[in-house]
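Read through the structure below, which is laid out as structure tokens, and then see the notes.
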């Protein structure tokens, strides 16, 4: 199987499972990723996703034959459909990067809401080194998570970053020992998964709309409708009821 899926207390761990090819993204892997993400989104028992790679690499990029076989821009774009399922998911997502994340594999990491890097992690844009333009929104995703100079250093000048260096420039949230990486990722994911699923989806949509916010009032307006929606949901009403009950019991 090109990917493996395991569940850990409301967290689906998706593992790229082609270690002999360093988890190179294939058409079959893309289809499996799309299916796995869709199933997790539809499952009320799943509230977050963790992505990682089997073996010594996170993901070595796209299969070269798929790139060469693309006969049109549309076919080329379809190579990135798997990681876009992650990028567009309403679930909170974490990339637990173990070993190299190269080219399209780095895109997969950048698609996640949070990147945790193992000490063995290596972030490598690589596109120019194989004489091809970056793809999959690579420049936008990279510049959106770190500063523009770092993005250019990686894409134009071939700078490669290890796990700690990636954390230092904000590409990774933090760098942790390899033997702790997956457990740390699952712990973070479980915290996110504890929140109501619909609330998380709306909050992620709010983050996606931040680029259009130009002033303080617009920031308030952006959050007013989803906040009012959340106040009408059973989860918030139950929290308020429980809080009042605790306060009442203390006052007796």
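The modelled label-to-label distance for the pair residue 231/residue 81, using points 7 Å beyond Cα in the direction of Cβ, is 4.3 nm.
Taking other C-beta atoms within 10 angstrom as a stand-in for reagent exposure, 138, 88, 8 fall in the order 88, 8, 138, fewest first.
So for the stretch 31-135, averaging the separation of alpha carbon pairs under 8 Å that are six or more residues apart and normalising by length, what relative contact order in percent results?
29
Ellipsoid semi-axes for the chain, based on the Cα gyration tensor and the rule √(5λ), read 34, 21, 18 Å when sorted largest first. Here the calculated FRET efficiency for residue 42 and residue 219, from their Cβ-Cβ distance with R0 = 41 Å, stands at 0.80, rounded to the nearest 0.05. Note: relative contact order over the chain, using C-alpha pairs below 8 Å and six or more positions apart, is 17 percent. Pairing the Cα long axis of helix 178-193 with the longest principal axis of the chain, what angle in degrees results, from 0 to 90 and rounded to the nearest 10? Helix 178-193 sits at roughly 40 degrees to that axis. Each 10 Å bin from 0 upward holds the following percent of the Cα-Cα pairs of the stretch 175-216: 23, 31, 29, 15, 2. The peptide list 239-247, 187-195, put in order of mean Cβ contacts within 10 Å with the highest first, becomes 187-195, 239-247. The share of Cα pairs per 5 Å bin across the stretch 197-250, counted from zero up to the longest distance, runs 4, 17, 22, 17, 14, 11, 8, 5, 2, 0 percent. Among beta bridges from DSSP that stay inside the chain, the antiparallel ones total about 25%.
For the residues 106, 231, 154, a GNM of the chain with alpha-carbon springs under 10 Å puts the largest fluctuation on 231. Against the chain, whose longest principal axis is taken from its Cα atoms, helix 216-231 shows a tilt of about 70°.
Expected output is a single nm value to one decimal: the length gained when fully extending between residue 28 and residue 157, i.e. 0.36 nm times separation in residues minus the C-alpha distance. What is it?
43.2 nm
The numbers here are math on the coordinates, done by the rules we state, and not lab data. The structure presented is a predicted model; accordingly, all values stated were derived computationally and were not measured. Here the Cβ is made from the backbone with ideal geometry for all residues, glycine too, and neighbour counts use every protein chain on show.
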